[in-house]
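K.L.:
My questions all concern the structure below.
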Amino acid sequence: MPRTPAGPHPFQRRLLKEYQGLVKANLPGITMVQHADTMSEYIFRIQVQHNPLYPENDRYYLSVRITREYPVDSPQVQFIKYEELDDEEASEAKIPIHPHIYSNGHICLNLLGDDWTPACSVESVLLSVQSLLGTNQVLERPPDNDSYVRHAPLNPKLTKFTYHDDDV
Amino acid sequence: MKVEIVEWHAFSTWHWDIPGTGYEDELCGICRVSFDGTCPNCKYPGDGCPIVLGLGCSHNFHLHCIMKWLEQDTSKGLCPMCRQIFLFKEGTFGAEDGKKLQRLVDGHKATRERGPNESDQEFEAFDGQQVE
């Protein structure tokens, strides 16, 4: 994984605590498959439990990158198409279909933008994303998926999402 | 028996006296380090890296941590923990720091009173009709 330049993160102690907390919490359905030595980049495997729209053996991969301004700034979070090398059972990695998840992996979630506060954490992001899938009732892409994906920046944090749908 | 003290060393410990909380285990909600420790940029705890007590809400932070948060527009001047408008009690830090903190709090207040910001209005105007 690429390294973040310019020495240790200003909030390195918090990053370490969060990493230790994640290992200890061992969240059901969430597995850390990769992490950078700096604790500022992660890949998680997310399995959705108890939602027939997403079969339990489907695996989705979420990339979490801690920015230099974390935790006053939200992390960069998106689904990615990731292949686990040493996992023979792994089915083809997909971007989950959801009205708030674009086919390029970008997620429209208020917690990742306007409603982020330093009291949130990698763990709270993981739980929110998992519950976004867990509570979903329609297997659809966002209505503007094609036009968004065509023009989207690589970094979803550069998109100014509007959050208008509190029901999903 | 007579005891003669030849030499003695005094020592003391200190901690922030935060009224009404179990201060000992309390961590700054931003850097997740104890109040008796420092924010990530400071070396010496205590007066060198003071704490700020929330007024209205009961959340406390290292001064330097909460300032960093309130410097962000995205903070909207809210407490990171409970999202109420962040106000603070005087007395745990110096006058200079107090002024800086007050400026940040006032800045957000002014933004709130101005209502929806200009860029939002532009976006809506653009959405409706394009001006030649």
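What follows draws every value from the coordinates through simple rules; no lab data is involved. For clarity, every value in this text was computed on a predicted model and none was experimentally measured.
K.L.:
Amide H neighbours of A:Ile80 under 5 Å, at least 5 residues apart or on other chains, H built in the peptide plane: list them.
P.N.:
Answer set, sorted by chain and number: A:Tyr61, A:Leu62, A:Ser63.
K.L.:
Averaging over every viewing direction, what projected area does the convex hull of the Cα atoms of the stretch B:23-71 cover, in nm²?
P.N.:
Approximately 3.3 nm², given one-decimal rounding.
K.L.:
Output ³J(HN,Hα) for the stretch A:15-26: one whole-Hz value per residue in order, computed from phi by the Karplus curve 6.51 cos²θ - 1.76 cosθ + 1.60 with θ = phi - 60°, and x for Gly and Pro.
P.N.:
4, 5, 4, 5, 4, 4, x, 5, 4, 5, 5, 6
K.L.:
Provide the per-residue ³J(HN,Hα) series for the stretch A:115-130, in order, calculated from phi with Karplus coefficients 6.51, -1.76, 1.60 and θ = phi - 60°, each as a whole number of Hz, with x at glycine and proline positions.
P.N.:
9, 5, 9, x, 6, 6, 8, 4, 4, 5, 5, 4, 5, 5, 5, 4
K.L.:
For the stretch B:22-114, rounded, prolate or oblate, judged on the Cα gyration tensor with a ≥ b ≥ c (square roots of eigenvalues), a/c < 1.5 rounded, else prolate if a/b > b/c?
P.N.:
In terms of gyration-tensor shape, prolate.
K.L.:
Enumerate the calculated ³J(HN,Hα) couplings along the stretch A:132-137 in order (Karplus 6.51 cos²θ - 1.76 cosθ + 1.60, θ = phi - 60°), each rounded to whole Hz, writing x wherever the residue is Gly or Pro.
P.N.:
Values per residue, Gly and Pro as x: 4, 6, x, 9, 5, 10 Hz.
K.L.:
Now a separate question. Would you pull out the residues with amide H under 5 Å of B:Phe88's amide H, same chain only if 5 or more places away, H placed 1.01 Å from N?
P.N.:
Correct list: B:Leu55.
K.L.:
Mind checking which lysines have their Cα closer than 21 Å to the Cα of B:Lys68? Skip sequence neighbours fewer than 8 apart in that chain.
P.N.:
A:Lys17, A:Lys157, B:Lys43, B:Lys76, B:Lys89, B:Lys99, B:Lys100, B:Lys109
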